[in-house]
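K.L.:
One structure, as structure tokens, below. Some questions next.
The values are calculated or read from the model by the stated rules, or taken from the named source; none is laboratory data. Since the structure is predicted, the reported quantities are computational estimates derived from the model, not experimental observations. Every residue, glycine among them, receives a Cβ derived from its backbone with ideal geometry; neighbour counts consider all protein chains shown. Accessible surface areas use protein heavy atoms only, side chains included; no ligands, DNA or RNA. Shrake-Rupley method; radii C 1.70, N 1.55, O 1.52, S 1.80 Å.
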Amino acid sequence: MKAIGYKENLPIEDIKSLQDIELDTPKATGKDILVEIKAISVNPADYKVRAGMPVEGDDWKIIGWDATGIVKEVGEDVTLFKVGDEVWYAGDFTRQGSYAQYQVVDERIVGKKPFSLSYAEAAALPLTSLTAWEMLFDRLEVATDDASKSILVIGAAGGVGSILVQLAKKLTKLNIIGTASREETTDWLKELGADSVINHRNKLSEEFEKYKLPAPDYIVSLNATEQHADEIVKVIKPQGKFGFIDDPKSFNVMPFKSKAVSTHIELMFTRSMFQTEDMVEQHNILNEVSKLIDNGTIKTTLGENFGIINAENLRKAHAFLETGKAKGKIVLEGF
């Protein structure tokens, strides 16, 4: 099968950072299904791993965690899917990824693809939907029926933010405050359902004062958490909840003590990495998101399609994603 992999951690400008290769097609056993991949999307996790995770031995490392495709084979213990099913998923950090024509993946972290979306449109959503859903409902345990509460989403126009804003708008009564720094992304967030949009290039506290916004009960930081840390402490409501998904070099929780703020980290890969007892919840979440898409409640966050799945196009996608200017998600489809 065709695949795209690496053997060295190299800058994306280096042609060897991602290479076109041929590998044997894997087999599905146990709870695994074999998926023929139709489309993928790229995430910050992709370039972070490509740049920083060494390869063990002489094997090729295949990355990629968002995919849509068709089930071609099922393991002997599979009960949730059959051959021919159209599926979507975000994969497992500990296994080979979706930059390949075929991939084996545990059925418990796979959902039924929304029938109303193309493979490319659907590929934009699994990882970000799982991250956003788990942050809102598993980590922060947001109040879904309390219209007096508000949430601040820092970096809201990216992949996770653009689905988190939609989920918060459609499934809760929260007042949603997003951050963006460009007119294009500000308009995008308002279209997705943000009640207010402020500029994260300015001090958050000054933006809150300028627009007379209420202290948020919840704050979700999706990027530059270290940069915004002091301002987050200033604006969050006492006894509020704060969650982040990025990788600050250091993060001191002690400034939150006076406000008794609880702090939460979301990592979508935790359930599959540790084979948790509730691992199948990702199957359930993806199926629920699929229903929300098919009934028109939320929509795809596809930003740009970078063409067929090959090393050249993936290097371009990584390079653009590393600029931090992406709106929505970057997808690729077909081989």
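K.L.:
If residue 268 satisfies every condition in (1) surrounded by fewer than 19 Cβ atoms within 10 Å (Cβ to Cβ); (2) within 26 Å of residue 239 (Cα to Cα) but one, which is the exception?
P.N.:
(1)
K.L.:
For the subset of region 126-135 comprising residues that are touching a strand residue (DSSP E or B) at 6+ places or on another chain (Cβ under 8 Å) and of a type in the set (A, V, I, L, M, F, W, C), which member is least open to solvent (accessible area, probe 1.4 Å)?
P.N.:
135
K.L.:
Would you mind telling me which numbered condition in (1) of a type in the set (Ser, Thr, Tyr); (2) open to solvent by less than 60 Å² (accessible area, probe 1.4 Å); (3) free of Cβ contacts under 8 Å to residues at least 12 places away in the same chain residue 162 fails?
P.N.:
Only one criterion in (1) of a type in the set (Ser, Thr, Tyr); (2) open to solvent by less than 60 Å² (accessible area, probe 1.4 Å); (3) free of Cβ contacts under 8 Å to residues at least 12 places away in the same chain is unmet by residue 162, namely (3).
K.L.:
Tell me the residue from 212, 190 that is out of contact with any helix residue (DSSP H, G or I) (no Cβ under 6 Å at 6 or more places or on another chain), at positive phi, free of Cβ contacts under 8 Å to residues at least 40 places away in the same chain and not polar (S, T, N, Q), please.
P.N.:
Within the list 212, 190, the selection yields 212.
K.L.:
Every residue in region 15-55 that is in a loop (DSSP other than H, G, I, E, B), charged (D, E, K, R) and under 26 Å from the mean Cα position of the chain (by Cα), please.
P.N.:
Residue satisfying the conditions is 31 alone.
K.L.:
Against the definition (open to solvent by less than 60 Å² (accessible area, probe 1.4 Å) and modelled with pLDDT of 95 or more), how does residue 309 come out, yes or no?
P.N.:
yes
K.L.:
With (1) part of a loop (DSSP other than H, G, I, E, B); (2) touching a Phe, Trp or Tyr at 6+ places or on another chain (Cβ under 7 Å); (3) charged (D, E, K, R) as the list, and residue 316 as the residue in question, which single condition is left unmet?
P.N.:
The number of the failed condition is (1).
K.L.:
Out of all the residues in region 64-83, is one or more open to solvent by 10 Å² or more (accessible area, probe 1.4 Å) and under 19 Å from residue 335 (Cα atoms)?
P.N.:
So far as region 64-83 goes, yes, one or more of its residues are open to solvent by 10 Å² or more (accessible area, probe 1.4 Å) and under 19 Å from residue 335 (Cα atoms).
K.L.:
Taking the conditions exactly as written (surrounded by 24 or more Cβ atoms within 10 Å (Cβ to Cβ) and closer than 19 Å to residue 263 by Cβ), does residue 152 satisfy them or not?
P.N.:
Yes.
K.L.:
Can you pull out the residues in region 248-282 that are of a type in the set (A, V, I, L, M, F, W, C) and assigned to a helix (DSSP H, G or I)?
P.N.:
Within region 248-282, 254, 256, 273 meet the criteria.
K.L.:
Follow-up. Quick one: what pairs do we get from region 236-255, first residue closer than 17 Å to residue 134 by Cβ, second open to solvent by 60 Å² or more (accessible area, probe 1.4 Å) and in a loop (DSSP other than H, G, I, E, B), C-beta under 8 Å, 6+ apart or different chains?
P.N.:
241/141; 245/267; 246/223
K.L.:
Another question, if that's okay. Answer with yes or no whether residue 196 is open to solvent by less than 10 Å² (accessible area, probe 1.4 Å), in contact with a Phe, Trp or Tyr (Cβ under 9 Å, 6 or more places away or on another chain) and polar (S, T, N, Q).
P.N.:
Criteria not met by residue 196.
K.L.:
Could you tell me which numbered condition residue 142 fails, if it satisfies all but one of (1) within 17 Å of the chain's Cα centre (by Cα); (2) open to solvent by 10 Å² or more (accessible area, probe 1.4 Å); (3) of a type in the set (Val, Ile, Thr)?
P.N.:
Failing condition for residue 142: (1).
K.L.:
Could I ask something else about it? Restricting to region 56-73, count the residues that are out of contact with any Ser or Thr (no Cβ under 6 Å at 6 or more places or on another chain), part of a loop (DSSP other than H, G, I, E, B) and of a type outside the set (Asp, Glu).
P.N.:
5
K.L.:
Right, next: Please indicate, with yes or no, whether at least one residue in region 168-183 is over 30 Å from residue 230 (Cβ atoms), touching a Leu at 6+ places or on another chain (Cβ under 7 Å) and surrounded by 24 or more Cβ atoms within 10 Å (Cβ to Cβ).
P.N.:
No, that holds for no residue.
K.L.:
Determine which member of the set 2, 7, 38 is open to solvent by 30 Å² or more (accessible area, probe 1.4 Å), among the basic types (Lys, Arg), in contact (Cβ under 8 Å) with a residue 12 or more places away in the chain and farther than 17 Å from residue 333 by Cβ.
P.N.:
Every option except 7 fails the conditions.
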